[in-house]
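Visitor: Next up is a structure, given as structure tokens.
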Amino acid sequence: MSVVTRIAPSPTGDPHVGTAYIGLFNYTLARQGGGKFILRIEDTDRNRYVPDSEKRIFQMMQWLGLTPDESPLQGGPNGPYRQSERFGLYGEYARQLVADGHAYYAFETAEELTALREAAQAEGRVIAVPSRDLEPGAAQARVTAGEAAVIRLKVPREGETVVHDRLRDPIHFQNREIDDKVLLKADGFPTYHLANVVDDRLMGVTHVVRAEEWITSTPIHVLLYRAFGWPEPAFAHMPLLRNSDKSKISKRKNPTSVEWYQQQGFLPEAMLNFLATMGWTHPDGLEVFDLAEFGRAFRLEDVTLGGPVFSQEKLRWYNGKYLREVLTEEDVTRRLHDFLAGQKVTLPNDAYFRAVVRLMTPRMEVFSEFLEKTPYFWSEEYPVTEKAQVAIEGARDLLPDLAGRLKNLPDFGAADIRAAFAAFAQERGLKLGKVMPPVRAAVAGTMESPDLPDLLATLGRDRVVARIERAAQ
Ligand code: GLU
């Protein structure tokens with residue numbers, strides 16, 4: 001049997017790193033099994049619905065290269081892939097369960113339910129819904145007469161429901177602790193549990209790989225599969241991504257929107273590599289590997305459950321690795337150029353741009369740092385830090401001579417520039433540490449810049465001399 005996986009995000013906001021993470025593992029499992037990866041939109045909760053969220057989920061998946069085989073965009077043989085377009089279907093399944101005695105019509109009003117819930121809470125048990133004990137024919141008659149009713153799952157009062165999770169020992173849930181969950185609301189809308197199980201079944205999903213937070217829903221799903229007489233899919237609940245204080249990842253402590261990372265100029269490859277290490281370690285100890293290598297080495301059973309920390313520093317480290325060790329210089333240049341164009345910054349992709357990129361690649365981890373760190377490459381109006389100002393003031397008398405020396409160098413390459421500084425320092429009986437920093441301050445306005453001879457060679461003689469002379473005044 002080939003593997004069919006899915007993600008089933010709800011379009012309720014920004015495209016979340018958690019969706020990307022779960023998407024990566026599902027995509028990979030499907031690819032390994034020569035199977036299919038489905039993206040289904042679970043938009044049954046109209047109160048939380050955010051109109052452009054779905055489109056942004058697609059864009060995120062596309063950016064990451066985790067293209068589904070079937071989705072509302074691609075279509076496919078099991079469509080539609082939006083639950084809002086499948087509404088007609090769920091009622092039938094819910095009524096089938098009523099007919100088979102696995103579910104029942106319930107007529108309690110919101111107020112009655114609140115009272116029942118309070119009573120149940122006081123006694124530390126789940127709520128007992130009186131409609132459960134109605135005679136089925138009588139309940140059916142009330143529904144036929146037009147009375148509003150929900151359909152609830154009739155959870156057995158005794159025994160236990162065991163969830164088999166590929167990553168855990170069997171988990172035992174006591175049935176008496178499971179609520180008779182609503183499956184179909186009075187307005188005919190399905191709840192998550194019903195729609196999720198029916199769709200997984202109809203779409204042929206063999207492996208339900210989702211975040212840990214859904215574990216408590218799983219016994220209800222298992223009961224539903226049984227009630228329908230369907231085989232259960234394999235379940236695997238992935239460890240939740242965590243903030244560094246180990247709490248569940250949250251916007252307040254970590255940017256959680258993948259779009260934010262995109263705007264900061266993170267590379268999708270680095271993001272994927274980093275996400276793959278959340279809960280999984282490469283058996284050969286490799287830290288840097290691509291999606292294909294992940295597919296070769298990954299085994300679902302090897303996922304570890306200790307809460308993986310979504311560490312910004314680690315992600316940045318990965319990104320820097322990709323910039324320096326994985327991508328070619330040409331790739332970095334092209335992608336940075338595209339990134340800047342996306343930010344509406346027009347810089348010609350010429351030899352000068354390429355030289356600056358080469359110089360800065362070891363000094364940035366994400367593309368958003370590039371312009372921040374390099375204003376002096378693009379304009380004569382670059383900011384000058386206080387430290388740089390001090391360095392310039394302390395060397396005013398040296399600067400004109402240095403400018404003259406550089407002006408007359410036969411060749412303005414880094415090696416000759418370096419030699420010129422050394423000669424100058426020796427003649428004056430000064431340390432290089434006295435001679436170079438003021439020049440750096442003058443041409444870059446900051447004490448943090450690439451290696452000075454490289455920097456000067458890249459800026460070019462005319463700019464350099466003019467800037468030093470200006471600073472000397
Ligand atoms: N709609 C659920 C979500 O938003 C799906 C959970 C599941 O994968 O079953 O994540």
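Visitor: Name the shape class, rounded, prolate or oblate, that the alpha-carbon gyration tensor gives for region 74-217, where a ≥ b ≥ c are the square roots of its eigenvalues, rounded holds for a/c under 1.5, and otherwise prolate holds if a/b is larger than b/c and oblate otherwise.
Guide: In terms of gyration-tensor shape, oblate.
Visitor: Ignoring ligands, DNA and RNA, please state the percent of accessible area on the chain from carbon and sulfur, probe 1.4 Å.
Guide: Summing carbon and sulfur atoms, their accessible area is 51 percent of the total for the chain.
Visitor: When Rg is the radius of gyration of the Cα atoms in the chain and Rh is its Kirkwood radius, what does Rg/Rh come to?
Guide: We get a ratio of 1.17 for the chain.
Visitor: What dipole magnitude, in Debye to the nearest 20, does region 426-473 give about its Cα centre under +1 on Lys/Arg Cβ and -1 on Asp/Glu Cβ?
Guide: 160 debye
Visitor: Just subtract the alpha-carbon distance of Gln59 and Asn408 from 0.36 nm times their residue separation and send over the number in nm, one decimal.
Guide: The Gln59-Asn408 span can extend by a further 120.2 nm.
Visitor: Name the residue farthest towards the positive end of the dipole of the chain from the options Tyr21, Ile220, Met238, assuming +1 on Cβ of Lys and Arg, -1 on Cβ of Asp and Glu, about the Cα centre.
Guide: Tyr21
Visitor: Among 138-146, 242-250, how do they line up by average Cβ neighbours within 10 Å per residue, starting with the highest?
Guide: For the peptides 138-146, 242-250, the packing ranking is 242-250, 138-146.
Visitor: A follow-up question, please. Pull up the cross-link candidates among the lysines for Lys181, meaning alpha carbon to alpha carbon under 19 Å and not fewer than 8 places away within one chain.
Guide: Lys154
Visitor: Measure up Lys248/Lys321; Lys36/Lys253; Lys55/Lys373 against 30 Å on the Cα-Cα distance and list the ones that go over.
Guide: With Cα atoms farther than 30 Å apart: Lys36/Lys253; Lys55/Lys373.
Visitor: Checking the a/c ratio against 1.5 first, then a/b against b/c, what shape does the Cα gyration tensor give for region 215-303?
Guide: It comes out oblate by the Cα gyration axes.
Visitor: Note down the magnitude of the dipole of the chain about its Cα centre, charges +1 on Lys and Arg C-beta and -1 on Asp and Glu C-beta and zero elsewhere, to the nearest 20 debye.
Guide: 780 debye
Visitor: Arranged from highest to lowest average of other beta-carbon atoms within 10 Å per residue, in what order do the peptides 266-273, 395-402, 419-426, 215-222 appear?
Guide: Top of the packing list down: 266-273, 215-222, 395-402, 419-426.
Visitor: Using per-residue counts of other Cβ atoms within 10 Å, averaged over each peptide, order 15-23, 316-324, 431-439 from highest down.
Guide: With the highest mean Cβ count within 10 Å placed first, the list reads 15-23, 316-324, 431-439.
Visitor: Spin-label point model (7 Å from Cα, Cβ direction): what's the Lys314 to Ala186 distance in nm?
Guide: 4.8 nm
Visitor: Here is a further query. Expressed as an acute angle from 0 to 90° and rounded to the nearest 10, what is the orientation of the C-alpha long axis of helix 218-228 relative to the principal long axis of the chain?
Guide: 40 degrees
Visitor: Putting +1 on Lys and Arg Cβ atoms and -1 on Asp and Glu Cβ atoms, find which of Gly88, Pro9, Gln62 reaches farthest to the positive end of the dipole of region 1-92.
Guide: The Cα lying farthest towards the positive end belongs to Gln62.
Visitor: What is the helix-to-structure angle for 17-32, meaning the angle in degrees between its Cα long axis and the longest Cα principal axis of the chain, kept from 0 to 90 and rounded to the nearest 10?
Guide: Computed tilt is about 80 degrees.
Visitor: Using only Cα atoms, find the angle between the long axis of helix 312-321 and the longest principal axis of the chain, and express it within 0 to 90 degrees, rounded to the nearest 10.
Guide: Result, in degrees: 60.
Visitor: Also, I was wondering about something else. For region 158-225, rounded, prolate or oblate, judged on the Cα gyration tensor with a ≥ b ≥ c (square roots of eigenvalues), a/c < 1.5 rounded, else prolate if a/b > b/c?
Guide: Judged from the Cα gyration tensor, region 158-225 comes out oblate (a/c at least 1.5, b/c at or above a/b).
Visitor: If you don't mind, there's one more thing I want to ask. Name the residue farthest towards the positive end of the dipole of the chain from the options Met278, Tyr382, Asn78, assuming +1 on Cβ of Lys and Arg, -1 on Cβ of Asp and Glu, about the Cα centre.
Guide: After comparing all options, I get Tyr382.
Visitor: Sticking with this structure for a sec: Ignoring ligands, DNA and RNA, how do His237, His207, His172 rank by accessible area with a 1.4 Å probe, largest first?
Guide: Accessible-area ranking of His237, His207, His172, largest first: His172, His207, His237.
Visitor: Further, regarding this structure: Roll a 1.4 Å probe over the protein chains and send me the accessible area per residue for region 306-457 in Å².
Guide: So region 306-457 comes to 50 Å² accessible per residue, rounded to a whole number.
Visitor: Give me the Debye-computed log₁₀ of I(q)/I(0) at q = 0.13, 0.14, 0.18, 0.25 Å⁻¹ for region 194-255, equal point scatterers on Cα only, no solvent, two decimals.
Guide: Values returned for q = 0.13, 0.14, 0.18, 0.25 Å⁻¹ are -0.45, -0.50, -0.68, -1.00.
Visitor: Where nothing but the Cβ of Lys and Arg (+1) and of Asp and Glu (-1) is charged, how large is the charge dipole of region 44-151 around its Cα centre, in debye to the nearest 20?
Guide: 320 debye
Visitor: Let me ask something additional. For the chain, what does the relative contact order come out to in percent, with C-alpha contacts under 8 Å and a separation of six or more?
Guide: Over the chain, the number comes to 12 percent.
Visitor: Can you give the helix-only mean residue ellipticity at 222 nm for the chain, where every DSSP H stretch with n ≥ 4 adds -39500 (n - 2.57) and the sum goes over all residues, rounded to the nearest 500 deg cm²/dmol?
Guide: For the chain, the value works out to -13500 deg cm²/dmol.
The values are calculated or read from the model by the stated rules, or taken from the named source; none is laboratory data. Quick caveat: nothing in here was measured; it's all calculated off a predicted structure. Please note: Cβ atoms are built from the backbone with ideal geometry, for glycine as well, and neighbour counts cover all protein chains shown. Heads up: the accessible areas ignore ligands, DNA and RNA and are worked out on the full protein's heavy atoms, side chains in. Shrake-Rupley method; radii C 1.70, N 1.55, O 1.52, S 1.80 Å.
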